[in-house]
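Since the structure comes first, as structure tokens, the remarks are kept for the end.
The values are calculated or read from the model by the stated rules, or taken from the named source; none is laboratory data. Just so we're clear, the structure is a prediction, and the values are computed from it rather than from any experiment. All Cβ positions, glycine included, derive from the backbone under ideal geometry; neighbour counts span all protein chains shown.
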Amino acid sequence: MRTAVGRGIREVARGVGLFLCLGALGAIWLLPSVRRRRARRAAHCRQCARNGRIAAVVIPCCAVLLLAGAAVRAQAAAVPLTPCNVHVYANGAAVPEPEVQLDVDPTWDVSRRVVLAGVSGLALAGGRVAGMDECQSSQPILFWRPPATSAGGSVIGETFLAWDTVANGGRASERNGFGISREDIYLRFGPNIAVDRAELEALAGHESVHVDQAATLTSIGGPLTMPLLYSVDNAFFPLERNHFERAAGLDAGGYTEPPDGGPDPQWSAVAAIVVLLVLLGFRRLRWLSRVAAQGGAGAATHEPGRCPRHSRGWFRPR
Ligand SMILES: [Zn+2]
Ligand SMILES: [Zn+2]
């Protein structure tokens, strides 16, 4: 009885871990037919057995890391961060600007924050470790303290990381996030990337679309899906040609419309992707060479103690 309960708990934990790390696609690993095939392979191939042991360590570690991130995010929601753009005067008075209102369905808004909580929290923790300051707008924002002046950044989960800074310090009135209004000098708390209210709202809307993109892709394939797809797209369609940026609105994101919508491959990035694909697909290529040399028989032939895919040797197994 106790072992049955223990097994049940392990099964649930495994399902949660797979869902956290690999999204809905993680459910494929739980299908009975897939599990049977994996067990059969592990019984006959020491490489497959070793891969199974590695996955049994990596997936729980990834899940624990994401749960820790979710705890950091939950804490930042329970004890709200200082609002972004609050005007802090020399006498200590803090006057908030009106909140940025986004046109987002409330249920979807909560869902996307929950889906991204792990990564958003890890980004918050990372920014804190790096010595960045933080504030809460329509999303949590991390920025460098003055004298650095933010110029832009990236969303990681729901958190906006304003890692990029202005090289020349910006205009005097904007530098360090200070501004002059009716002869009062105040600190406008936050990254102050947008110069006026309209730009601030447009930028928040743009980042909100990135949060939608991240939430959707994370639910499908886990937290690495968005950064991977974005990077691959960016290798062929960089900056203002990037499909994620175009979908979020170029003007709102501070990009200028490209002269054409075509690709502009960044060859070093493309080469890196090709090398990575060859490294990842190396065994599959080796197996395909045996299929090419020997037809159907080449697909099934294998070394003793290794499955066809893990058998060594080009064109014939060793
Ligand atoms: Zn194998
Ligand atoms: Zn963007």
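Structure notes:
- Residue match in the range 214-224 (condition: of a type outside the set (Asp, Glu), assigned to a loop (DSSP other than H, G, I, E, B) and modelled with pLDDT under 85): no
- Meets criteria (at pLDDT 95 or above and more than 16 Å from ligand 2 (Cβ to nearest atom)) for LEU22: yes
- Residues that are closer than 27 Å to ALA63 by Cβ and among the hydroxyl-bearing types (Ser, Thr, Tyr), drawn from the range 200-221: THR216, THR218, SER219
- Residue in the range 228-236 that is farther than 29 Å from PHE19 by Cα, away from ligand 1 (no atom under 16 Å from the Cβ) and either touching a helix residue (DSSP H, G or I) at 6+ places or on another chain (Cβ under 8 Å) or in contact (Cβ under 8 Å) with a residue 12 or more places away in the chain (or both) present: yes
- Matching residues, the range 282-306, being of a type in the set (D, E, K, R) and touching a residue at least 40 places away in the same chain (Cβ under 8 Å): ARG306
- Residue list for the range 9-25, restricted to those being without any contact (Cβ under 8 Å) to a residue 60 or more places away in the chain and not acidic (Asp, Glu): ILE9, ARG10, VAL12, ALA13, ARG14, GLY15, VAL16, GLY17, LEU18, PHE19
- Scanning the range 248-271 finds one or more residues that are in contact with a helix residue (DSSP H, G or I) (Cβ under 8 Å, 6 or more places away or on another chain), on the phi > 0 side of the Ramachandran plot and not assigned by TED's automatic domain parsing to the domain that holds CYS48.
- For LEU250: the one exception among (1) more than 16 Å from ligand 2 (Cβ to nearest atom); (2) over 30 Å from ALA24 (Cβ atoms); (3) crowded, with 17+ Cβ neighbours inside 10 Å: (1)
- Residue list for the range 253-264, restricted to those being surrounded by 12 or more Cβ atoms within 10 Å (Cβ to Cβ) and away from ligand 2 (no atom under 16 Å from the Cβ): PRO263, ASP264
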